[in-house]
Number of protein chains: 12
Amino acid sequence: MSDSVYKVIELVGSSPGSWEEAARNAVEKAGESLKNLRIAEINKLDMRVENGKVAAFRARVNLSFKYGE
Amino acid sequence: MSDSVYKVIELVGSSPGSWEEAARNAVEKAGESLKNLRIAEINKLDMRVENGKVAAFRARVNLSFKYGE
Amino acid sequence: MSDSVYKVIELVGSSPGSWEEAARNAVEKAGESLKNLRIAEINKLDMRVENGKVAAFRARVNLSFKYGE
Amino acid sequence: MSDSVYKVIELVGSSPGSWEEAARNAVEKAGESLKNLRIAEINKLDMRVENGKVAAFRARVNLSFKYGE
Amino acid sequence: MSDSVYKVIELVGSSPGSWEEAARNAVEKAGESLKNLRIAEINKLDMRVENGKVAAFRARVNLSFKYGE
Amino acid sequence: MSDSVYKVIELVGSSPGSWEEAARNAVEKAGESLKNLRIAEINKLDMRVENGKVAAFRARVNLSFKYGE
Amino acid sequence: MSDSVYKVIELVGSSPGSWEEAARNAVEKAGESLKNLRIAEINKLDMRVENGKVAAFRARVNLSFKYGE
Amino acid sequence: MSDSVYKVIELVGSSPGSWEEAARNAVEKAGESLKNLRIAEINKLDMRVENGKVAAFRARVNLSFKYGE
Amino acid sequence: MSDSVYKVIELVGSSPGSWEEAARNAVEKAGESLKNLRIAEINKLDMRVENGKVAAFRARVNLSFKYGE
Amino acid sequence: MSDSVYKVIELVGSSPGSWEEAARNAVEKAGESLKNLRIAEINKLDMRVENGKVAAFRARVNLSFKYGE
Amino acid sequence: MSDSVYKVIELVGSSPGSWEEAARNAVEKAGESLKNLRIAEINKLDMRVENGKVAAFRARVNLSFKYGE
Amino acid sequence: MSDSVYKVIELVGSSPGSWEEAARNAVEKAGESLKNLRIAEINKLDMRVENGKVAAFRARVNLSFKYGE
């Protein structure tokens with residue numbers, strides 16, 4: 001099992017409320033089709049701004065999962 | 001319009017409650033005087049600590065807006 | 001006093017709820033034994049994922065405190 | 001709509017003439033199969049050299065598009 | 001003269017044709033109001049994509065000029 | 001041929017013996033389904049530790065191959 | 001007070017004698033017009049060379065001060 | 001258990017034979033006194049050279065373990 | 001042949017017209033005296049500015065070629 | 001001896017006069033309790049500013065010494 | 001002697017077997033003509049892939065030696 | 001003249017007294033054989049430590065000069 005190969009993909013989640021929700025959205029969307037997700041690393045946080053207000057929090061996330069199965 | 005020039009400035013917002021509030025404070029303070037804010041990127045997150053407790057969450061933010069108008 | 005020497009250590013805090021709580025856990029755990037904590041910088045944010053859901057938010061934190069006293 | 005999840009992929013385009021053409025080739029190849037491409041960020045520029053001459057300009061590009069639809 | 005202080009600002013120029021034009025737009029816009037521009041360093045290159053085509057090349061530029069005069 | 005577009009993916013290989021074996025596992029797993037692999041760059045090396053011993057060497061690898069064929 | 005917003009600007013100071021003087025020149029020039037300067041971080045050190053000798057030491061400095069007051 | 005705090009320390013291991021042995025030496029030396037080591041990340045690899053030959057392979061390693069127990 | 005050793009040098013090319021020309025100048029100048037140039041990677045792009053106009057595009061390039069032959 | 005394990009710690013020294021004094025303070029404070037210090041690398045230089053003047057130069061230093069003896 | 005000046009060059013070694021051999025090849029090739037090599041730092045590891053197999057391990061190495069003697 | 005090609009080399013200077021002297025030693029050693037030195041950028045500062053004291057300040061410097069003349 002220690003010789004398994006994992007793939008890392010990068011997703012961007014978004015939420016009007018928080019970076020935690022933004023990141024959770026990315027993880028759960030991925031979880032619908034990918035098995036064995038393990039670690040999700042944050043690469044970048046930013047915000048979309050509209051009319052001088054924060055319209056959305058966004059989190060760019062690296063997700064790893066078992067490859068080729 | 002695609003030839004507009006944008007300026008990027010760096011602000012540090014602060015909040016006793018969360019990094020989202022810290023970043024929002026920076027964005028909304030900038031929004032009082034700057035028009036056409038678009039994207040706000042997080043450069044750094046840290047905390048001010050007092051007496052062994054977190055006294056404030058701080059977010060360092062890059063903000064872009066139309067330049068020279 | 002300006003000639004004091006500070007030490008920087010790196011801790012990883014964890015929380016089921018938010019990165020703020022994760023970072024706060026690291027700071028307060030350190031505050032039990034270390035005096036004069038000042039600034040806590042975030043080096044990395046990630047999440048532990050179980051069954052396609054976020055099981056824990058984790059924050060990797062650099063903490064500085066007076067050295068050798 | 002602000003809760004959409006985006007995926008980021010990395011492509012390398014190539015052109016004998018310019019980095020703009022190299023990057024454009026990568027974007028347009030991706031556009032054949034991916035919808036809702038938004039932003040394409042340059043990660044790296046290099047050149048393939050043959051017989052002491054530049055044989056090709058290459059651009060490594062991060063492309064984001066809607067995920068899971 | 002070697003003790004002059006310079007300020008560095010960051011601008012984002014844009015052009016439908018090339019990154020050179022995008023960067024030149026940023027420099028010339030700044031040159032309308034700032035004197036003694038010297039060096040302009042590229043921090044980032046990206047593209048805005050519309051309908052699977054490159055709609056604009058953008059260059060993020062650090063510009064330095066004499067400060068406080 | 002110089003106008004081909006390549007895609008870059010990131011895999012994590014693992015081996016009880018060495019980082020070379022870990023990286024080779026990632027490359028050969030990818031080679032089962034992807035054609036025209038060229039260069040594999042190491043992004044990160046780490047180890048999984050169990051009971052104070054190294055249980056596995058892991059190599060995070062960027063692999064490029066022809067896209068869209 | 002913890003909700004104040006700070007702005008970060010980047011200056012380049014110069015001195016024939018040392019990087020400390022170069023950085024001090026940048027800080028004191030800024031101090032003529034900006035209140036509440038707190039921390040000045042060094043981003044880059046370099047030297048201007050003339051006729052094979054060091055003609056000036058230069059320090060690129062990030063300065064933060066209260067924004068919008 | 002998800003709220004445990006981990007500490008990260010940095011060690012440099014060395015070996016005449018390989019980076020794997022160098023890193024393993026660092027991990028096992030740490031394992032003599034620290035419990036619950038989990039992940040060991042490589043920060044840097046280098047070599048000590050003597051008389052034009054490689055005298056030792058060295059690995060700089062970040063090790064995390066349970067803090068404050 | 002796979003055991004050949006390559007050397008990497010860094011050159012800065014310059015052109016009034018484009019970064020492609022700037023980089024090509026560096027490559028072709030090197031090609032006059034160095035054999036077996038393969039890859040030329042861009043490390044940095046900048047511009048020299050005179051009187052508020054772009055006077056030259058400059059490209060900093062890493063070039064590799066066979067060493068010691 | 002080539003198999004010794006070293007530990008790397010990070011200290012911040014401070015001085016009203018220079019970064020050399022700041023770094024020396026950190027090294028000598030560490031030298032009071034640690035044996036076999038070898039190399040001290042600078043990670044960051046900054047300044048504390050008070051009333052528009054430089055109040056202290058600070059140097060963040062990585063120090064390595066023999067571990068576990 | 002502490003005022004000696006060293007030069008740093010960058011070489012790429014290659015080996016069908018391991019990164020240690022690849023790096024050793026670069027060091028020993030340099031040792032044929034350069035005296036007083038001290039430290040060799042790894043900047044990058046990669047692999048050349050042929051027919052879905054690893055054809056060569058490559059190590060990019062920074063080597064320092066006495067300059068101008 | 002704007003089409004001249006420059007080469008960048010990396011030297012390490014050393015001094016018992018200061019980083020300025022260390023860097024100046026590197027520049028002046030290079031100036032003995034190289035013409036048209038322009039800019040010298042600091043890549044890294046460190047110290048050699050002996051018996052718990054700073055034995056030498058060292059500066060790693062990138063120097064550019066006209067290539068191929």
Can you tell me which residues in segment J:17-46 are hydroxyl-bearing (Ser, Thr, Tyr) and either assigned to a strand (DSSP E or B) or in contact (Cβ under 8 Å) with a residue 12 or more places away in the chain (or both)? J:Ser18
Quick test of your reading of the structure: I:Arg48 fulfils all but one of (1) basic (Lys, Arg); (2) within 16 Å of L:Lys7 (Cβ to Cβ); (3) within 14 Å of chain E (Cβ to nearest Cβ). Name the failing condition by number. (2)
Checked segment D:41-63 for anything open to solvent by less than 10 Å² (accessible area, probe 1.4 Å), out of contact with any Pro (no Cβ under 7 Å at 6 or more places or on another chain) and among the small types (Gly, Ala, Ser); matches are D:Ala59
Quick count over segment H:11-40, residues being of a type in the set (Asp, Glu) and open to solvent by less than 30 Å² (accessible area, probe 1.4 Å), is 1
Condition first: more than 7 Å from every other protein chain (Cβ to nearest Cβ) and either charged (D, E, K, R) or touching a Lys or Arg at 6+ places or on another chain (Cβ under 6 Å) (or both). Now tell me which residues in segment I:33-43 satisfy that. I:Lys35, I:Asn36, I:Asn43
Inside segment J:47-69, can you point out the residues that are touching a residue at least 40 places away in the same chain (Cβ under 8 Å) and more than 8 Å from the chain's Cα centre (by Cα)? J:Ala56, J:Phe57, J:Arg58, J:Ser64, J:Phe65, J:Lys66, J:Tyr67, J:Gly68
Looking at segment A:1-52, which of the residues that are acidic (Asp, Glu) and in contact with a strand residue (DSSP E or B) (Cβ under 8 Å, 6 or more places away or on another chain) is farthest from D:Tyr67 (Cα to Cα)? A:Asp3
Can you confirm whether F:Ala22 is aliphatic (A, V, I, L, M) and within 25 Å of A:Val61 (Cβ to Cβ)? yes
Looking at (1) open to solvent by 20 Å² or more (accessible area, probe 1.4 Å); (2) hydrophobic (A, V, I, L, M, F, W, C); (3) at pLDDT 95 or above, which one does D:Met1 not meet, given that it meets all the others? (3)
Which of the numbered conditions does A:Glu10 fail, given that it passes all the others? Conditions: (1) touching a residue at least 24 places away in the same chain (Cβ under 8 Å); (2) among the acidic types (Asp, Glu); (3) within 30 Å of B:Gly31 (Cα to Cα); (4) in contact with a Lys or Arg (Cβ under 9 Å, 6 or more places away or on another chain). (3)
If I go through segment J:1-16 residue by residue, how many of them are among the β-branched types (Val, Ile, Thr) and either within 11 Å of chain L (Cβ to nearest Cβ) or in a loop (DSSP other than H, G, I, E, B) (or both)? 1
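The values are calculated or read from the model by the stated rules, or taken from the named source; none is laboratory data. What you see is a predicted model, and the numbers here were worked out from it, not measured in a lab. Glycine gets a Cβ as well: all are built from the backbone with ideal geometry, and neighbour counts include every protein chain shown. Only protein heavy atoms, including side chains, enter the accessible area calculation; ligands, DNA and RNA are left aside. Shrake-Rupley method; radii C 1.70, N 1.55, O 1.52, S 1.80 Å.
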